[in-house]
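Everything on this sheet refers to the single structure shown next.
None of the figures in this text is laboratory data; all of them are computed from the coordinates on show. Please read these numbers as outputs of a predicted model, since none were measured by experiment. Here the Cβ is made from the backbone with ideal geometry for all residues, glycine too, and neighbour counts use every protein chain on show.
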Amino acid sequence: MKTAITELFGIQHPIIQGGMHYVGFAEMAAAVSNAGGLGIITGLTQRTPELLAKEIARCRDMTDKPIGVNLTFLPSFTAPPYPEYIAVIREGGVKAVETAGRSPEQYMPALKAAGIKVIHKCTSVRHSLKAEKIGCDAVSVDGFECGGHPGEDDIPNMILLPRAADELKIPFVASGGMADARSLVAALSMGAAGMNMGTRFIATKEAPVHPNVKQALLDADELDTRLVMRALRNTERVLKNKGVDELLEIEREKGARLKIEDIHEQVAGVYPKVMIDGEMDAGAWSCGMVVGLINDIPTVKELIDRIMAEAEAIIRQRLTGFLDGKFETTPARAVA
Ligand SMILES: Cc1cc2nc3c(=O)[nH]c(=O)nc-3n(C[C@H](O)[C@H](O)[C@H](O)COP(=O)(O)O)c2cc1C
């Protein structure tokens, strides 16, 4: 399958692995890139630019395919040295950067001068248009379903993707709620040139996280995510657990008076506890509603190969069948 996204990033399949804190290590990115997608190392999980340089080098040892780095611009307790991170991305020969959070405008000259393709993750049409205007090569349109930060507009992908298609000139991928071939074909139908997955990639053999995390994804369903930090206008979709219940209780108590300090224990330093130590009740960690569609832990290659083979079957048999009068009477079920 060729789309504007496969051509832009020089990849085989139009599937991107979104940056994920404490998941997007070299092993994850290399597995996705080796399977023909675009694997992305999460820049800020590496605490210093020097550590990111080492992680990029480690990933290069595992794959000779294109890889990307995620740079997230979110409110944080201390601002990271972004120009230094960009320098090591450039020096590491990485040609794709996924930006997210605030607009990457001030960093665009440095990224473009290094010949880097920039895909900005946006949760609204207006932010997508801004990304186009400042010279991003593509956008990742992230619907309300997504794991992580869905923004404050609450528009699901069924509406957001066709709205983006109506307004954008640059290509975009669908992000949020993407799990399988049905997601990919639906996204392509709504104007996207591929899809970005986060949560689904955590439930793979290669994802470098504690087995408890993968088991939690198998056990959860689409009702098990919660939105936190709404009052701070820094909304995050996370998997429900004891720490998140406490957080929500504090949020209810404080209402509009909530401050980030009030929930420090439930949101700060949680990722290493969850992803490395497997402490599933530690607090807020991102997870999408798509968790309801996750029923197995394949290798990344099995997952991507399955998506591409089933997508072809959906397009050639099910969809073409409708036109040819040879329609199927059963819904398109997932294989796993
Ligand atoms: C555990 C986890 C951590 C994430 N961390 C980041 C991050 O650091 N930066 C970022 O831009 N997006 C982050 N995301 C969002 C993903 O890149 C992706 O946009 C999102 O997961 C898509 O929605 P989905 O989970 O429904 O596939 C994270 C998502 C998850 C599940």
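The calculated 222 nm mean residue ellipticity attributable to helices in the chain amounts to -10000 deg cm²/dmol, summing -39500 (n - 2.57) over DSSP H runs of n ≥ 4 and dividing by all residues. Calculated FRET efficiency, residue 221 to residue 246, Cβ-Cβ distance, R0 = 22 Å: about 0.50 to the nearest 0.05.
Stretching the chain fully between residue 84 and residue 154 yields a gain of 21.8 nm (0.36 nm per residue, less the alpha carbon separation). Considering only DSSP beta bridges with both partners in the chain, what is the antiparallel share in %, to the nearest 5? If I count the DSSP bridges inside the chain, around 15 percent turn out antiparallel.
Taking label positions 7 Å along the Cα-Cβ direction at both residue 320 and residue 265, the computed distance is 6.0 nm, reported to one decimal.
At 0.36 nm per residue, minus the direct Cα-Cα distance, what do residue 126 and residue 189 gain on full extension? Give it in nm, one decimal, please.
Details: separation 63, 0.36 × 63 = 22.68 nm, distance 2.15 nm.
Once the chain is fully extended between residue 126 and residue 189, it gains 20.5 nm.
Loop-located trypsin sites (Lys or Arg not before Pro) in the stretch 292-336 (DSSP state not H, G, I, E or B) with no more than 15 neighbouring Cβ atoms inside 10 Å: 326, 333.
Judged by the mean number of other Cβ atoms found within 10 Å, the most tightly packed of the peptides 182-189, 230-237, 142-149 leads the ranking 142-149, 182-189, 230-237.
When 21, 264 are arranged by Cβ crowding within 10 Å, least crowded first, meaning fewest neighbours, the order is 264, 21. For residue 259, the lysines whose Cα falls under 25 Å of its own Cα, not counting residues fewer than eight places away in the same chain, are 240, 242, 273.
List the residues of the stretch 14-47 whose backbone N lies under 16 Å from a point placed 7 Å from the Cα of residue 76 along the Cα-to-Cβ direction. In the stretch 14-47, the label zone of residue 76 (backbone N under 16 Å from the point 7 Å along Cα→Cβ) covers 19-25, 41-47. For 170, 315, 159, the sequence from fewest to most other C-beta atoms within 10 Å is 159, 315, 170.
With all pairs of separate Cα atoms included, the chain yields a Kirkwood hydrodynamic radius of 20.1 Å.
The distance linking the stretch 1-52 with the stretch 270-291 is 20 Å (Cα centroid to Cα centroid, whole angstrom).
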